[in-house]
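Beneath this line is the structure, given in structure tokens, with notes to follow.
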Amino acid sequence: MDFYLTALLQGLCLSAIALGVYLSMKIFNIPDITTDGSYTLGGVVTATMLTHQQSLWLTIPAVLVIGGIAGAVTGLIHTKLKINALLAGILVMTALYSVNLKILGRSNVPLLNTASIFNWLNITADPNQNSLVILLIVVILLVAVIGYLLKTDFGIAMRATGDSEQMIRAMGVNTDRMKITGLALANGLTALSGFMMTQFQGFADINMGIGIVITGLGSVIIAETLINWLRITSVVWSLILVVGGAIVFQMVLAVTLSIGVDANLLKLVTAVFVLLIVSLPRLSFRRQHD
Amino acid sequence: MIKISEVYKTYNEGQVSEVKALNGINLNIAEGDYTVIVGSNGSGKSTLLNIIAGSVLPTSGTIMLDNENITKLPDHQRSKWLARVFQNPLSGTASGLSIIDNFRLAAIRTQPKGLKIGISDHFAQQVKDKIATLGLGLEDKINQQMGTLSGGQRQALTLLMSVMDSCKVILLDEPTAALDPRSANIVMQTADKIVKEFNLTAILITHNLKDAYTYGNRLIQMGEGQLMRDLNTAEKEKLQQNQLFEWFS
Ligand SMILES: Nc1ncnc2c1ncn2[C@@H]1O[C@H](COP(=O)(O)OP(=O)(O)OP(=O)(O)O)[C@@H](O)[C@H]1O
Ligand SMILES: [Mg+2]
């Protein structure tokens, strides 16, 4: 049972990535893979600040801002130099590897006796349950803030930017600036996942971000399948389902491991799983309409 | 109102695919004028309209609006004066957003899009009342996604959206090209109504010579990137419909 609780907690840690990927991919319609780099960036900034006795309340804004800058750089390359978004993301992700290594100083830094968001509140004696409560608070806060943002005038303009660029420019919106802001927001969220995960697992590792974009993508696709299936139009419900997608994703991986699949094959399993959820709706669709 | 001087536009300059789309356009459009532009395919009509809107920048020449030089201003900054209806009904509205979200953006076209929730019950009622004037029965569907509507319905809504916020100039590039005759009629009449009601300066591109004959108080024919004919109000009134048809034979 603990096994699944851990998966649930990991899913909640990673839901900020899922929300970030939802913003970049679904709201802005930009395939952004800066994610791998900005997730690690969030982790290494967290580890470095916490091991240097910085307060948690300084670390959180620092992580958000630095992740945001990484996203903004991808956005600038994409919009101002007119470089394909995927390529812009790969460039920044690659560059971030060196940046992350420089910040961290070595490839792995453990967090021993440092401040932790998971010690912020002590509600129950069981540390896992305590973590669950704290993660739920964080995730509810995120969903509430993003849900509010998407309903504001700015948020409507964000959604329209990914929908019809011609229209939203005619409505007086600088779409370049909007996309840069959007990618900054998405990567700020991704870095926040790095912040949570680093404290959850108790260390930051230079390779912690490898393939993490697939986790975000998979979570969003699970959510999207549910959104279409349940015909959901409410913004907040969509966000809740994205969080749900992140949890389901981790659960599936946990099950895979529990049935004895070699942990070295985990990335392969992840990729195949994402391929399955992407292709299943199409396969069944084709059968209906042929 | 709009003053276009010596405007040239060459696409893909210096390449084999070079196209001289506009060849020295001089055009003065007075405030409140409803100008109709006709001309064969590729004569540069859309290019001219895009240059006024700012989505295409001229190779040379100047564009003045209200005595302000706007030649270099990007399209999203010109939207404080200009509203547009595109040939493609999908371009003027955002499909994935609800009707009311689309109208909210239109209502703040000339203003910053801030971090407050602008859609209130009062706003929704205002939008419903506006949409009801179309008589298409769309006023009860304001929470429906724009993408679920037909091209004609979307085009009519785009017209209404253009006058949700202050607007001086409306640019209509073949707004009825994709529509059936009945929807086309509704759209043309709605356009005529809002142009008069809000005293807009309007430019309409059309291939429908009957519309060109019926609407507007100035008629321009373009050919090969130049103005070939330019009829003022009196001349347009004298023009017979069959004379207009002869321009194209
Ligand atoms: N983005 C572009 N790049 C290259 N050439 C272009 C571009 N846009 C238009 N052209 C060319 O410029 C010329 C004028 O095109 P434009 O679209 O202004 O014509 P039009 O009068 O609107 O025609 P239609 O009645 O078919 O809409 C055409 O030869 C066209 O091929
Ligand atoms: Mg055209």
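The values are calculated or read from the model by the stated rules, or taken from the named source; none is laboratory data. Quick caveat, the model's predicted, so the values are computed rather than measured. Glycine gets a Cβ as well: all are built from the backbone with ideal geometry, and neighbour counts include every protein chain shown. These area figures cover heavy atoms from the full protein model, side chains too; ligands, DNA and RNA do not enter into them. Shrake-Rupley method; radii C 1.70, N 1.55, O 1.52, S 1.80 Å.
Consider B:Gly14 carefully, then state whether it is within 16 Å of ligand 1 (Cβ to nearest atom), open to solvent by 60 Å² or more (accessible area, probe 1.4 Å) and not hydrophobic (A, V, I, L, M, F, W, C). Before you say what the answer is, go through the steps one by one.
On the way: within 16 Å of ligand 1 (Cβ to nearest atom): yes; open to solvent by 60 Å² or more (accessible area, probe 1.4 Å): yes; not hydrophobic (A, V, I, L, M, F, W, C): yes.
So B:Gly14 fits the description; yes.
A quick yes/no check of all residues on (1) assigned to a helix (DSSP H, G or I); (2) farther than 16 Å from A:Ile227 by Cα; (3) in contact with a Cys (Cβ under 6 Å, 6 or more places away or on another chain):
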| site | (1), (2), (3) |
| --- | --- |
| A:Gly244 | yes, no, no |
| A:Thr256 | yes, yes, no |
| A:Gly260 | no, yes, no |
| A:Asn264 | yes, yes, no |
| A:Ala271 | yes, yes, no |
| A:Val274 | yes, yes, no |
| A:Val278 | yes, no, no |
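Looking at (1) in contact with a helix residue (DSSP H, G or I) (Cβ under 6 Å, 6 or more places away or on another chain); (2) surrounded by fewer than 17 Cβ atoms within 10 Å (Cβ to Cβ); (3) of a type in the set (A, V, I, L, M, F, W, C), which is the only condition B:Leu138 fails?
(2)
Does any residue of region B:22-41 turn out to be free of Cβ contacts under 8 Å to residues at least 12 places away in the same chain, within 10 Å of ligand 1 (Cβ to nearest atom) and small (Gly, Ala, Ser)? Before the answer, list the steps.
If we filter region B:22-41 for residues that are free of Cβ contacts under 8 Å to residues at least 12 places away in the same chain, which is where we start, we get B:41.
When the remaining residues are screened for being within 10 Å of ligand 1 (Cβ to nearest atom), the result is B:41.
Those left that are additionally small (Gly, Ala, Ser): none.
The answer is no, given that none of the residues of region B:22-41 is free of Cβ contacts under 8 Å to residues at least 12 places away in the same chain, within 10 Å of ligand 1 (Cβ to nearest atom) and small (Gly, Ala, Ser).
Would you check which residues across region B:50-63 are more than 23 Å from B:Leu200 (Cα to Cα) and either within 10 Å of ligand 1 (Cβ to nearest atom) or aliphatic (A, V, I, L, M) (or both) and list them? Can you show your working first?
If we filter region B:50-63 for residues that are more than 23 Å from B:Leu200 (Cα to Cα), which is where we start, we get B:57-61.
The one that is more than 23 Å from B:Leu200 (Cα to Cα) and either within 10 Å of ligand 1 (Cβ to nearest atom) or aliphatic (A, V, I, L, M) (or both): B:Leu57.
Condition first: open to solvent by 10 Å² or more (accessible area, probe 1.4 Å) and either on the phi < 0 side of the Ramachandran plot or within 16 Å of ligand 2 (Cβ to nearest atom) (or both). Now tell me which residues in region B:66-81 satisfy that. Steps first, please.
In the first step, residues of region B:66-81 are kept if they are open to solvent by 10 Å² or more (accessible area, probe 1.4 Å); the result is B:66-69, B:71-77, B:80-81.
Residues satisfying the conditions are B:Glu68, B:Asn69, B:Thr71, B:Lys72, B:Leu73, B:Pro74, B:Asp75, B:His76, B:Gln77, B:Lys80, B:Trp81.
Run B:Gly92 past the list (1) more than 22 Å from B:Asp211 (Cβ to Cβ); (2) facing chain A (nearest Cβ under 8 Å); (3) open to solvent by less than 10 Å² (accessible area, probe 1.4 Å) and report the number of the one that doesn't hold.
Of everything listed in (1) more than 22 Å from B:Asp211 (Cβ to Cβ); (2) facing chain A (nearest Cβ under 8 Å); (3) open to solvent by less than 10 Å² (accessible area, probe 1.4 Å), B:Gly92 misses just condition (1).
Show the residue pairs that are 6+ apart or on different chains and have beta-carbon atoms under 9 Å apart, the first residue being within region B:112-125 and open to solvent by less than 100 Å² (accessible area, probe 1.4 Å), the second being of a type outside the set (A, V, I, L, M, F, W, C) and in a loop (DSSP other than H, G, I, E, B).
Between residues of region B:112-125 that are open to solvent by less than 100 Å² (accessible area, probe 1.4 Å) and residues that are of a type outside the set (A, V, I, L, M, F, W, C) and in a loop (DSSP other than H, G, I, E, B), the close pairs are B:Lys113/A:Thr152; B:Lys113/A:Gly172; B:Gly114/A:Thr152; B:Ile117/A:Thr152; B:Gly118/A:Thr152; B:Ala124/B:Asn143.
Here's the yes/no breakdown for (1) small (Gly, Ala, Ser); (2) in a strand (DSSP E or B); (3) open to solvent by 70 Å² or more (accessible area, probe 1.4 Å); (4) within 24 Å of A:Asn29 (Cα to Cα):
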{"position": "A:Thr94", "(1), (2), (3), (4)": "no, no, yes, yes"}
{"position": "A:Val109", "(1), (2), (3), (4)": "no, yes, no, no"}
{"position": "A:Leu112", "(1), (2), (3), (4)": "no, no, yes, no"}
{"position": "A:Leu121", "(1), (2), (3), (4)": "no, no, no, no"}
{"position": "A:Gln129", "(1), (2), (3), (4)": "no, no, yes, no"}
{"position": "A:Gly147", "(1), (2), (3), (4)": "yes, no, no, yes"}
{"position": "A:Phe154", "(1), (2), (3), (4)": "no, no, no, yes"}
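Considering region A:156-172 alone, what residues qualify as being in a helix (DSSP H, G or I) and without any contact (Cβ under 8 Å) to a residue 24 or more places away in the chain? Working first, answer last.
Filtering region A:156-172 down to residues in a helix (DSSP H, G or I) leaves A:156-163, A:165-170.
Residues satisfying the conditions are A:Ile156, A:Ala157, A:Ala160, A:Glu165, A:Gln166, A:Met167, A:Ile168, A:Arg169, A:Ala170.
Do you know which residues across region B:24-54 are surrounded by fewer than 17 Cβ atoms within 10 Å (Cβ to Cβ) and within 16 Å of ligand 2 (Cβ to nearest atom)? Please lay out each step first, then the result.
Residues of region B:24-54 that are surrounded by fewer than 17 Cβ atoms within 10 Å (Cβ to Cβ), as a first pass: B:24, B:26, B:28, B:30-32, B:40-42.
Hits for region B:24-54 are B:Ser40, B:Asn41, B:Gly42.
For region B:152-249, which fully contained strands (runs of 3 or more DSSP E) count at least 1 residues that are within 16 Å of ligand 1 (Cβ to nearest atom) and open to solvent by 70 Å² or more (accessible area, probe 1.4 Å)?
On the way: elements: B:169-173, B:201-205, B:218-223, B:226-231.
Qualifying strands (runs of 3 or more DSSP E): B:226-231.
Out of B:Leu105, B:Leu134, B:Leu115, B:Leu159, which single residue is more than 17 Å from the chain's Cα centre (by Cα), of a type in the set (A, V, I, L, M), at pLDDT below 95 and more than 16 Å from ligand 2 (Cβ to nearest atom)? Steps first, please.
Details: B:Leu105 fails: at pLDDT below 95; B:Leu115 fails: at pLDDT below 95; B:Leu159 fails: more than 17 Å from the chain's Cα centre (by Cα).
The conditions single out B:Leu134.
Could you figure out which of (1) within 11 Å of another protein chain (Cβ to nearest Cβ); (2) buried (at least 20 other Cβ atoms within 10 Å of the Cβ); (3) farther than 18 Å from B:Ala191 by Cβ; (4) at pLDDT 95 or above isn't true of B:Ile63?
Of the numbered conditions (1) within 11 Å of another protein chain (Cβ to nearest Cβ); (2) buried (at least 20 other Cβ atoms within 10 Å of the Cβ); (3) farther than 18 Å from B:Ala191 by Cβ; (4) at pLDDT 95 or above, the odd one out for B:Ile63 is (1).
Do we find a residue being touching a residue at least 12 places away in the same chain (Cβ under 8 Å), more than 12 Å from ligand 1 (Cβ to nearest atom) and more than 14 Å from chain A (Cβ to nearest Cβ) anywhere in region B:42-49?
No, region B:42-49 contains no residue that is touching a residue at least 12 places away in the same chain (Cβ under 8 Å), more than 12 Å from ligand 1 (Cβ to nearest atom) and more than 14 Å from chain A (Cβ to nearest Cβ).
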